[in-house]
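Q: Dropping a structure here in structure tokens format, bear with me for questions.
The values are calculated or read from the model by the stated rules, or taken from the named source; none is laboratory data. These numbers come from a predicted model, not from an experiment. Here the Cβ positions follow ideal geometry from the backbone for every residue, glycine too, while neighbour counts run over all protein chains shown. SASA here: full protein model, heavy atoms, side chains in, ligands and nucleic acids out. Shrake-Rupley method; radii C 1.70, N 1.55, O 1.52, S 1.80 Å.
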Amino acid sequence: MKRKVGMKFVAIICACIMCLGMTLMVSASTQEACTHPNINRYGSTVSSWSGSHTVTFSASQGPQQCTYSHWVEVVSFVCADCGYVIGTDTYQHEKHTLCGVDY
């Protein structure tokens, strides 16, 4: 009688361990199974500065002041379905008023 109760207890413990293991395997493979069809882009400016420099386009006009602004943006691509971060990129932008530089 005591042996039957002990075997039932061991069987219940084994079943619980198997359920826990299967739950962990399913949750781990859910993120890998996602094909990430719905990606959102999140960006934020992390630093910026501005300044000016002198530019001479023609001798008749003489030197002119060109002001510029420069900013660094960090962009993350995140799957909206599973929350996985696909990647993070850093972009540097610069815009000048007279030089035509704009990237």
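Q: Just the residues that are open to solvent by 70 Å² or more (accessible area, probe 1.4 Å) and free of Cβ contacts under 8 Å to residues at least 24 places away in the same chain, please, taken from the stretch 69-89.
A: Val85, Thr88
Q: What are the pairs with Cβ atoms under 8 angstrom where one residue, in the stretch 36-62, is among the β-branched types (Val, Ile, Thr) and the other, located anywhere, is outside any strand (DSSP E or B) and open to solvent by 60 Å² or more (accessible area, probe 1.4 Å)? Sequence gap at least six, or different chains.
A: These pairs meet every condition: Val55/Leu98.
Q: Does Val26 count as modelled with pLDDT of 80 or more and over 24 Å from Gly100 (Cβ atoms)?
A: no
Q: Right, next: So, in the stretch 47-57, of the ones that are surrounded by 10 or more Cβ atoms within 10 Å (Cβ to Cβ) and out of contact with any Cys (no Cβ under 8 Å at 6 or more places or on another chain), which residue ends up farthest from Ser76 (Cα to Cα)?
A: If we take residues in the stretch 47-57 being surrounded by 10 or more Cβ atoms within 10 Å (Cβ to Cβ) and out of contact with any Cys (no Cβ under 8 Å at 6 or more places or on another chain), then Phe57 is farthest from Ser76 (Cα to Cα).
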